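The values are calculated or read from the model by the stated rules, or taken from the named source; none is laboratory data. Only a predicted model underlies this, so the values are computations on that prediction, with no experimental measurement involved. Counting neighbours? That spans all protein chains shown, and the Cβs are built from the backbone with ideal geometry, glycine included.
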Amino acid sequence: MERNRPCLFCNVNKESYIAENELAFAVRDVFPVTELHSLVIPKRHVSDYFDLTKEELTACNELLQTVREGILAKDGSVKGFNIGVNVGSVAGQSIFHCHIHLIPRREGDVPNPKGGVRHLIPRKGFY
């Protein structure tokens, strides 16, 4: 998304929320990497993770825990999670409103999960 367009995350329909607290909300990702992939988003428009206040960090972490618990209750095949944040266009950020990915992982969803998020850079995941 270009920086001069209206912010997608500032205009999320509250009916899409799967969890909410005073400073943040959570929704399912509309382009999920895995089933139940979710996003935790601060309510204040802030471009990236490093601009969050301590209170917003706490609120987002509380929602990560809440959404994780909901995913585990809903789908017993989930055995792990990746938590990720893209900061800056060179890191893949395309919506410049901070958002934290919570990606459920299941046994066998990739042939070898070793290295996890290190696979963002080709040939760096396995060590």
Residue match in segment 108-125 (condition: under 11 Å from the mean Cα position of the chain (by Cα) and either closer than 28 Å to Pro6 by Cα or of a type in the set (A, V, I, L, M) (or both)): no
Give segment 10-34 a look and list any residue that's touching a helix residue (DSSP H, G or I) at 6+ places or on another chain (Cβ under 8 Å) and among the β-branched types (Val, Ile, Thr), or say none. Ile18, Val27
Answer yes or no: is there a residue in segment 98-119 that is modelled with pLDDT under 95, charged (D, E, K, R) and within 21 Å of Glu35 (Cβ to Cβ). yes
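Any residue at all in segment 21-37 that is of a type in the set (Val, Ile, Thr) and more than 13 Å from the chain's Cα centre (by Cα)?
First, the residues of segment 21-37 that are of a type in the set (Val, Ile, Thr): 27, 30, 33-34.
The next check asks that each one be more than 13 Å from the chain's Cα centre (by Cα); those that pass are none.
Looking for residues that are of a type in the set (Val, Ile, Thr) and more than 13 Å from the chain's Cα centre (by Cα), one finds none in segment 21-37, hence no.
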Being more than 11 Å from Pro104 (Cα to Cα), surrounded by 15 or more Cβ atoms within 10 Å (Cβ to Cβ) and modelled with pLDDT of 95 or more narrows it down to one residue among Leu36, Leu64; which is it? Leu64
Within 23 Å of Ser94 (Cβ to Cβ) and of a type in the set (Gly, Ala, Ser), is that true of Ala26? yes
Of the residues in segment 11-50, those that are touching a strand residue (DSSP E or B) at 6+ places or on another chain (Cβ under 9 Å), in a helix (DSSP H, G or I) and either among the basic types (Lys, Arg) or closer than 18 Å to Phe96 by Cα (or both) come to Lys14, Tyr49
Counting only residues that are in contact (Cβ under 8 Å) with a residue 24 or more places away in the chain, assigned to a helix (DSSP H, G or I) and out of contact with any strand residue (DSSP E or B) (no Cβ under 7 Å at 6 or more places or on another chain), how many does segment 71-118 have? 1
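crowded, with 19+ Cβ neighbours inside 10 Å and small (Gly, Ala, Ser): is that true of Ala73 in this structure? Let's see the steps before the verdict.
Values: crowded, with 19+ Cβ neighbours inside 10 Å: no; small (Gly, Ala, Ser): yes.
Spelling it out, it is not the case that Ala73 is crowded, with 19+ Cβ neighbours inside 10 Å and small (Gly, Ala, Ser).
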If we scan segment 14-27, do we find a residue that is without any contact (Cβ under 8 Å) to a residue 60 or more places away in the chain, under 20 Å from Asp75 (Cα atoms) and in contact with a Gly (Cβ under 8 Å, 6 or more places away or on another chain)? yes
How many residues does segment 52-62 contain that are within 16 Å of Phe9 (Cα to Cα) and touching a residue at least 40 places away in the same chain (Cβ under 8 Å)? 2
